[in-house]
């Protein structure tokens with residue numbers, strides 16, 4: 001996210017900053033044929049996770065904004081008088 005803080009009177013840039021954030025999402029599914037006693041509870045959890053839905057783009061953006069917002073807000077407050 002890029003933040004460009006400008007003076008409203010002379011239109012000059014007071015500060016320009018770039019903020020980066022990452023969000024990692026992981027989902028595991030699996031299948032198994034064989035003796036069920038060979039599997040751990042963690043293995044069964046992966047096998048039973050078949051109805052998992054991929055994350056929507058909106059959900060990923062919401063997570064990124066949730067992480068970025070406090071940092072950006074603090075940055076803007078340093079340069080802007082309300």
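The values are calculated or read from the model by the stated rules, or taken from the named source; none is laboratory data. This structure is a prediction, so every number in the text was calculated from the model and none was measured. With ideal geometry, Cβ positions are generated from the backbone for all residues, glycine too; neighbour counts draw on all protein chains shown.
In this structure, does residue 81 turn out to be surrounded by 10 or more Cβ atoms within 10 Å (Cβ to Cβ), at pLDDT below 90 and assigned to a loop (DSSP other than H, G, I, E, B)?
Working: surrounded by 10 or more Cβ atoms within 10 Å (Cβ to Cβ): no; at pLDDT below 90: yes; assigned to a loop (DSSP other than H, G, I, E, B): yes.
Criteria not met by residue 81.
Within region 2-18, being part of a loop (DSSP other than H, G, I, E, B) and touching a strand residue (DSSP E or B) at 6+ places or on another chain (Cβ under 7 Å) holds for 7, 12. Within the span defined as region 52-61, every residue fails to be touching a strand residue (DSSP E or B) at 6+ places or on another chain (Cβ under 6 Å), closer than 30 Å to residue 78 by Cβ and either free of Cβ contacts under 8 Å to residues at least 40 places away in the same chain or surrounded by 10 or more Cβ atoms within 10 Å (Cβ to Cβ) (or both).
What pairs come out if I take residues in region 12-34 that are over 25 Å from residue 67 (Cα atoms) and pair them with residues that are in a loop (DSSP other than H, G, I, E, B) whose C-beta lies under 6 Å away, six or more apart or interchain? Filtered contacts from region 12-34: 29/49; 29/50.
On the stretch given as region 62-73, residues that are farther than 16 Å from residue 3 by Cα and touching a residue at least 12 places away in the same chain (Cβ under 8 Å) total 1. Mind counting the residues in region 45-71 that are modelled with pLDDT under 90 and part of a helix (DSSP H, G or I)? Residues that pass the stated criteria total 3. Right, residue 24: loosely packed, with under 11 Cβ neighbours inside 10 Å and part of a helix (DSSP H, G or I) or not? Judged against the criteria, residue 24 is not a match. The set of residues in region 3-32 being touching a helix residue (DSSP H, G or I) at 6+ places or on another chain (Cβ under 8 Å) and over 30 Å from residue 79 (Cβ atoms) consists of 25, 28, 29, 30, 31, 32.
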